[in-house]
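The values are calculated or read from the model by the stated rules, or taken from the named source; none is laboratory data. Quick caveat, the model's predicted, so the values are computed rather than measured. Cβ atoms come from the backbone with ideal geometry, glycine included; neighbour counts cover every protein chain shown. Heavy atoms of the whole protein, side chains included, go into the accessibility calculation; ligands, DNA and RNA do not. Shrake-Rupley method; radii C 1.70, N 1.55, O 1.52, S 1.80 Å.
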Amino acid sequence: MATKHELQNQLKDQYGINKNISQPLSAEECGELLRLMQSQAIATKLVKSFTTKNEELSKNNRTFGQQRSQAEKRLKSLQAEHQKLAQEIENLEKANISSRDRKENLSKEQQELEAQIQSLSSENQRLSSKVQTLTTQNDQLIDANEVLKKDNKDLKNIVDQVRLRLARDTKMLLEYEDSEIRKALIRLFQWTLG
């Protein structure tokens, strides 16, 4: 009698029954199935129908298995991408908060600078007015200084004339012999010369 393994090989080769289908059968059942197939055409047709259907199901299982494997890989890829995008969104939100804070700080600084500019502009106008007043006063002082210079020159000329006249008159008086008059005139003359 043939072994179970030999009978399974015969079932596979002649009728396309896979060994995994005939595995649960004993050697006697495998032999009985083989005899049934050889004697009954309807059984052969039925088994061939099962075999064809089994191949289709097996093919579908492989296809679905591949699709499932691809879907699982795609799911993992999408989960990783989702996690990466979530992290990027979190980073962008932090950067956005930081940018918003920076914008608020810059806005405050701008307002402070605008206030300083306004204050400096007011101060500049005040100083410009003061410079204009000082320029006017300076022009008046220059004019007054020119008048004083002219007056001083005229006064110096008058003083020089008085000194010259006094020196001449004193010299004439010194020619007289009275010593007291002479001493008084010398003191007067020295006093006028400075």
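The value of relative contact order for the chain, using C-alpha pairs under 8 Å at least six residues apart, is 9 percent. Using the average count of surrounding beta-carbon atoms within 10 Å as a protection proxy, the listed peptides 58-64, 18-24 rank, highest first, as 18-24, 58-64. Taking GluC sites (Glu not before Pro) in DSSP loop states with no more than 12 other Cβ atoms inside 10 Å as exposed sites, the chain has its longest site-free stretch at 1-174.
The loop-placed trypsin sites (Lys or Arg not before Pro) in region 117-151, going by DSSP, include none that has at most 11 neighbouring Cβ atoms within 10 Å of its Cβ.
Note on the chain: with neighbouring protein chains present and a 1.4 Å probe, carbon and sulfur make up 54 percent of its accessible heavy-atom surface.
Given a 1.4 Å probe and the protein chains as shown, Asp139 ends up with an accessible area of around 80 Å².
Net charge near Lys84, counting Lys/Arg +1 and Asp/Glu -1 over other residues with Cβ under 14 Å of its Cβ? Overall, the nearby charge balance is -2. Coupling constants for region 100-107 follow from the phi torsions by the Karplus curve (6.51 cos²θ - 1.76 cosθ + 1.60, θ = phi - 60°), and in residue order they are 5, 4, 4, 4, 4, 4, 5, 5 Hz; glycine and proline get x. The angle between the Cα long axis of helix 27-39 and the main principal axis of the chain comes to about 70°, on a 0 to 90 degree scale.
Measuring how big region 1-112 is from its alpha-carbon positions, Rg and Dmax come out at 33.0, 107 Å. Pairs over the 31 Å Cα-Cα cut-off, from the set Lys76/Lys103; Lys45/Lys73; Lys156/Lys183: Lys76/Lys103; Lys45/Lys73.
For the residue pairs Lys4/Lys48; Lys12/Lys48; Lys19/Lys59; Lys4/Lys53; Lys4/Lys59, alpha carbon separations beyond 19 Å are given by Lys4/Lys48; Lys4/Lys53; Lys4/Lys59. From largest to smallest, the equivalent ellipsoid semi-axes obtained for the chain from the alpha-carbon gyration tensor read 146, 18, 12 Å.
Solvent exposure of Met172, expressed as accessible area, is near 110 Å², computed with a probe of 1.4 Å over the protein chains only.
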